[in-house]
């Protein structure tokens, strides 16, 4: 069933150009949260689907990495309150019954529902987060810490956690995360330093390199 009508931005073809788009949210259920979207990031993962570079896109399609304010709660939502600042990543639903779901690893659920380009349990299409509002199962909503700027929180909901989660899980110690540009700046005397030179300077100082770029590229 359809819920309220909202305004968003979405790509409509392989050009990947976003334009205004009006659509209906799915009807909220007992365990759902409705949030007013305040910020929405766009990472490299978004670029491939909106250009249909992996040939599975159903247009129209908008990006994810969503931060917003809770404006409505289903009667069975207990851990959130109206006015809470929250985030939504790349998954907004799952079967809730398989071994992955029961062990809090819903990302491995075969019936997981992506934030965009997916089909929810009631048959509605997921539209992403470039919109004025979203409806999300409470299980997939996280509170944003008070000391974290909302515009900085959005990228952590996909690109950030993609790197942080496996390192935290399998290494089990504190560490920092950076992007290629800060690394390059801190290890070079000037812009344009060859990559091989940078890596030589960093020799014996790195335990590992985690590469999360979802495209063919040079790794040296």
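The values are calculated or read from the model by the stated rules, or taken from the named source; none is laboratory data. Given the structure is predicted, the values throughout are model-derived calculations rather than measurements. Cβ sites come from the backbone with ideal geometry, for glycine too, and all protein chains shown count toward neighbours.
Summary of computed values
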item	result
Top-ranked residue of the range 105-114 - restricted to ones that are assigned to a loop (DSSP other than H, G, I, E, B) and modelled with pLDDT of 90 or more, ranked as surrounded by the fewest Cβ atoms within 10 Å (Cβ to Cβ)	110
Out of 62, 41, sole residue that is touching a helix residue (DSSP H, G or I) at 6+ places or on another chain (Cβ under 7 Å), within 24 Å of residue 161 (Cα to Cα) and surrounded by 14 or more Cβ atoms within 10 Å (Cβ to Cβ)	41
Qualifying positions in the range 116-145 - at pLDDT 90 or above and outside any strand (DSSP E or B)	132, 138, 139, 140, 141, 144, 145
Pair list, Cβ < 6 Å and 6+ apart or interchain, from the range 29-58 residues that are on the phi > 0 side of the Ramachandran plot and modelled with pLDDT of 95 or more to residues that are in a loop (DSSP other than H, G, I, E, B) and crowded, with 16+ Cβ neighbours inside 10 Å	none
Meets criteria (on the phi < 0 side of the Ramachandran plot, in a loop (DSSP other than H, G, I, E, B) and at pLDDT below 85) for residue 148	no
Subset of the range 5-28 that is surrounded by fewer than 14 Cβ atoms within 10 Å (Cβ to Cβ) and either touching a strand residue (DSSP E or B) at 6+ places or on another chain (Cβ under 9 Å) or in contact (Cβ under 8 Å) with a residue 60 or more places away in the chain (or both) - its residue that is nearest to residue 163 (Cα to Cα)	17
Any hit, the range 85-103, residues being surrounded by fewer than 14 Cβ atoms within 10 Å (Cβ to Cβ) and in contact with a strand residue (DSSP E or B) (Cβ under 9 Å, 6 or more places away or on another chain)	no
